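Down below is the structure, laid out as structure tokens.
Please treat every number below as a calculation from the coordinates, not as lab data. Keep in mind it's a predicted model, so treat the numbers as computed, not measured. When we count neighbours, we look across all protein chains shown, and the Cβ atoms used for this are built from the backbone with ideal geometry, even at glycine.
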Amino acid sequence: MSTHIETGSTLEREELASRPAEFDVVVVGAGFAGLYMIYKLRQLGFSVIAFESADDVGGTWYWNRYPGARCDIESIDYSYSFDPELQREWQWSERYATQPEILRYLGYVADKHDLRRDIRFSTRVDSARWDEEQRKWRIFTDDGEETLCRFYVMATGCLSVPKTPDVPGYGRFKGESYYTGRWPKEGVDFTGKRVAVIGTGSSAIQSIPIIAQQAAELVVFQRTPNYSRPAFNGSVPAEKKAAFDADPEGYREKARWSFAGVPMERPMIRTFQVSEEERLARYEEAYNSGDLLAYGQIFADAGTNPEANETICEFLRNKIRSVVRDPETAEALCPKDHYYGTKRPCIDSGYYETFNLPHVKLVDLRKDPFRTITETGIDTQSRSFTFDVIVFATGFDAMTGALVSVDIRGRDGLTLAEKWSEGPKTYLGLMTTGFPNFFTITGPQSPSVLSNMVVSIEQHVDWIGACLDHMREQRLEVIEPTPVAEAGWVQHTEDGANISLFPRANSWYMGANVPGKPRVFLPYIAGVDRYRKACDEVVQRGYLGFAFDGPGGARCNDGVICRLQPDVAVLLDTFAELGLPPLETLSVEEARREMVNANAMRPPGPEVGEMVDGTLPGAAGPLAYRLYRPATPGPHPMVAYFHGGGWVLGGVDSDEPMCRDLCVRSSAIIVSVDYRHAPEARFPAAVEDGFAAVRWLAEHAAELGGIPGKLAVCGWSAGGNIAAVVCQMARDAGGPKIAGQLLLTPVTDWDPTRPSYVENGEGYVLTAALMRWFWDHYADEADRHDPKAAPLRARDLSGLPRALVVTCEFDPLRDEGAAYAEALARAGVDARHLPCRGQIHTSIPMVDVILSGAGAREEMAAALRRFLGVPAAR
Ligand code: N01
């Protein structure tokens, strides 16, 4: 694609001289991202120019020269992997390198690969226009030049545009003022000065101990205390270096396929599965590791379960209290308004100890807010301070700031700022619809700031390079994500954020630090590994969700990547890694054992008031039941619950977390009733037992603490089949009265040709083969369309109890559930259908594991409350 201009006559030469310079690609920024992008494009034979507003390379590490600035991901990890020779040549002097050393490193890389020759320094890109006719970008820089390019890449970093400090009186101060993110090259001498630092984020926490060493007086103005702990910096740990040196590529590959871009395992166990003693021992070990990511590697639910996270918070608060001698200052430094990790935590070198120095003071702005900055210092509501220097460590307009601050206009003149006015909308955080051939390295909705940035940068650069190479090979000129793909990705990133604790904090991750910025979670949360997998899959599926055009033709394989809820996808991957044999290849005994073993590992569900085991008379002998009673004063309405398991597996306790959850949320007694299982007792034993049990429960409600006449039925899967059939039997028998039926992914028919059987027949735990195995054990072919086996086939569905039918998108039984809801409604029954997006057959009952199912579980409980006339609980 390189542009070759042949010079001819004088006239032609003059005309050419007035034309804008043209390159295949314009890159903006010369930090970690820009430098590698230039290198990659050059390797691939594309012509490239980069614009950089600074006078040298470095990006973040050029601007953030404040005292104490250093990385907080270990240097071995926080370095490029693309050049094996560089990895051998460059030796870091410290575990966490200082800003000057990282800047030297980037300078070294630029020299080694002669990258500066393609960078125009001290040049800022002001605006960019997509020229539809030429199918090129026109880039306008502050030196008055225009540059034409086919592809435009913003490598401008996530934390590069300082937020204007929103402090009253900002600008009035006549002394020296500095902003950490724009620190003067020549440095600042604080010796003997009275200094104010505003902010207690990472920049402040790193700089405060060093400033305190020089200043005569230091006052720290804190609005929100942050979680920090010692970095235990020192030389590069020998063990880590040995592991890296032994197999650099293997080490890097592990990082690429890890959760955060640093070799580590995802934790499997949950906080409350271990004793308090063990938990504290693990927290202590993490504390002593000096590893920023340590608390994310202990328990699987630290980022999602508030009670679990609170145990980390309190552990760290106690550490602060143990270091800071003045109890009032210590308490003010203890974060109490956000969960650990929901605002970026820090690691430090002597931060809390600094507050024990006699000349260092903390002002808690929550108690004594700013009144104004004055010409000589700062006034709070209760005091007046005089300073020689004010340091603003007040943060950045993160993730989107650098992108929307350039006037970028895509198709039809739409600006990026307009398009993102309610929050960024991207596909993979790499591109955005309406802005063809425009790429963002570590853009919003990619892992970026939640990962080791260097790993995420390399992945994006590699992806973009491969994409451009593919386009050249296919003679394609234009690439743009489709609206469908983009909407799907935005949804997917939101789904991830919504099951985490992140949205609860006022953080820059949420855009909450900049007044007026939309409150939207900005990065991608599900991990570097899952993200890389999605990006790779997009390519493997013929660039799913991208539209291409050019001399090679127009093409588009439209669609959505990552349609499963993020936690469901993790669950499926975990199952796949376990490599368990499919249930249908086992004997019934083996399958039952497998299920018992699997159930033993799960969280139990919420506490209920009481659990009572008993027996009741079934159709052919006693049946076990387990009654779950709410903690609220009774009597309560009752629900007869039938467990899942394909009529073959399970028992009164096999759906225990679901029963507990329904009990707590609906304030009803849930009675999980067993029934005879196949193949020992085949059709219609299960439904006859179900009906006998419901009759008995209706008759004995008062004895059990229930309210007579207030009885609903509920069941999951085969249990949903039993619940539905029992309602028909009760109607036909003239009683008992059932107030409502709650059917969770029920079996309502036998027809494996339905689209959901075909689409979801494999890969989503309940397979078509397993369903056939269940049916084979349960009912003869001849009986499978009997309405007592297939309630959907009943001739008359009128007069049945009110219903909620819950179906899951990736479930073979989805369509028969939906068909039943529809048929009930057609027959005049008050029936509602709740389709659950991105869920599988087995995910909704996984209380405390599949958090994305919580909304459906709440709706189920709400339906029970409605059926039974219980006022809204909780
Ligand atoms: O910025 P921040 P930062 N009145 O936004 C306070 C990365 N980084 O430059 O929390 C009073 O975190 C604000 O208070 P509040 C890292 O990802 C990495 O420190 O909004 N206070 C907060 O305390 C980091 O997260 C390293 O209530 C005001 C502080 O200023 C990100 O960069 C080092 C205020 C801003 O903290 C940003 O860090 C440095 C006001 N009007 C940075 N406005 C490494 O170690 C703001 N604040 C690699």
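How far is the Cα center of region 84-115 from the Cα center of region 268-336, in Å? Here the answer is 34 Å between Cα centres.
Database remark: amide H of V648 closer than 5 angstrom to the amide H of A678 (H placed geometrically; neighbours at sequence offset of 5 or more, or on other chains; Pro and chain starts carry no H). The peptide list 552-558, 159-165, put in order of mean Cβ contacts within 10 Å with the highest first, becomes 159-165, 552-558. For region 795-835, the Cα gyration tensor yields ellipsoid semi-axes of 19, 10, 6 Å (square root of five times each eigenvalue, largest first, whole Å). The distance separating the Cα centre of region 339-397 from that of region 757-788 comes to 65 Å.
Dimensions of the chain from C-alpha coordinates, computed as largest minus smallest value along each principal axis and given longest first, are 96, 76, 52 Å. Remark: the E85-T632 segment gains 190.1 nm on full extension, using 0.36 nm per residue and subtracting the alpha carbon distance. For K241, a cut-off of 18 angstrom between C-alpha atoms picks up these lysines, skipping any fewer than 8 places away in its own chain: K254.
For K367, a cut-off of 28 angstrom between C-alpha atoms picks up these lysines, skipping any fewer than 8 places away in its own chain: K163, K174, K193, K319, K336, K343, K517.
Express in nm, to one decimal, how much length is gained between E680 and E176 on full extension, taking 0.36 nm for each residue of separation and deducting their alpha carbon distance. Kindly include the intermediate steps, with their values, before the conclusion.
On the way: separation 504, 0.36 × 504 = 181.44 nm, distance 8.56 nm.
That works out to 172.9 nm of additional length.
Along the charge dipole of region 617-688, Cβ charges K/R +1 and D/E -1, which of P635, S654, Y625 sits furthest on the positive end? About the Cα centre, the residue reaching furthest to the positive side is P635.
Under a model in which nothing but the beta-carbon of Lys, Arg (+1) and Asp, Glu (-1) is charged, region 572-642 shows a dipole of about 320 debye around its Cα centre.
Computed from Cα atoms alone, the Kirkwood hydrodynamic radius reported for region 544-618 is 18.0 Å. Would you mind checking the tilt of helix 814-826 against the longest principal axis of the Cα atoms of the chain, expressed as 0 to 90 degrees and rounded to 10? With rounding to tens, the tilt is 60 degrees.
Between the residues L711, T574, N599, the greatest Cα displacement towards the positive end of the dipole of the chain, with unit charges on the Cβ of Lys, Arg, Asp and Glu, is found for L711. In this label model, L280 and E249 are separated by 4.9 nm, measuring between points 7 Å along each Cα→Cβ vector. Once the C-beta distance of H359 and N288 is scaled by a Förster radius of 22 Å, the resulting FRET efficiency is 0.15 to the nearest 0.05.
Placing unit charges on C-beta atoms (Lys and Arg positive, Asp and Glu negative, everything else neutral), compute the dipole magnitude of the chain about its Cα centre in debye, rounded to 20.
1980
Ordered by the count of other Cβ atoms within 10 Å of each Cβ, fewest first, K361, K174 give K174, K361. Residue-wise HN-Hα couplings along region 748-760, as the Karplus relation 6.51 cos²θ - 1.76 cosθ + 1.60 with θ = phi - 60° gives them from phi, are 10, 6, 10, 7, x, 8, 4, x, 5, 5, 6, 5, 10 Hz; Gly and Pro carry x. Summary of packing: across the peptides 41-50, 108-117, the per-residue average of other C-beta atoms within 10 Å ranks them, highest first, as 41-50, 108-117. Residues S127, S421, arranged from fewest to most other Cβ atoms within 10 angstrom of their Cβ, appear as S421, S127. Annotation: extensible slack from A872 through E375 equals 173.3 nm (criterion: 0.36 nm per residue apart, minus Cα-Cα distance). In summary, the convex hull built on the alpha carbon positions of region 769-817 has an orientation-averaged projected area of 4.4 nm².
Against the chain, whose longest principal axis is taken from its Cα atoms, helix 306-323 shows a tilt of about 40°.
Between F121 and E331, the simple label model (points 7 Å from Cα in the Cβ direction) yields a spacing of 5.3 nm. Determine, from the Cβ-Cβ distance of E703 and R104 and an R0 of 56 Å, the FRET efficiency 1/(1 + (r/R0)^6), rounded to the nearest 0.05. Once the sixth-power term is evaluated, E becomes 0.10. Selection among M37, A803, V484 by position relative to the dipole of the chain gives A803 as farthest towards the positive end (Cβ unit charges, Cα centre).
Cβ-to-Cβ counts within 10 Å put D655, D142 in ascending order as D142, D655, the fewest first. A crude spin-label estimate for the pair N557 and A600, with each label 7 Å from Cα along the Cβ direction, gives 4.4 nm. Look at the alpha carbon pairs under 8 Å that are at least 6 residues apart: their mean separation over the length of region 62-116 gives a relative contact order of 41 percent.
Dipole size of region 506-623 about its Cα centre, with +1 on Lys/Arg Cβ and -1 on Asp/Glu Cβ: approximately 640 debye, rounded to the nearest 20. Averaging the Cα positions of each part gives two centres, and for region 824-874 and region 556-571 these lie 23 Å apart.
When the helices in the chain are scored as -39500 (n - 2.57) per DSSP H run of 4 or longer and the sum is shared across all residues, what 222 nm value do you end up with, to the nearest 500 deg cm²/dmol? Write out the running numbers ahead of the final one.
Values: 26 runs with 290 residues, N = 874.
Only helices count here, giving -10000 deg cm²/dmol.
Measuring r between the beta carbons of R519 and L578 and using R0 = 45 Å, the FRET efficiency lands at 0.70.
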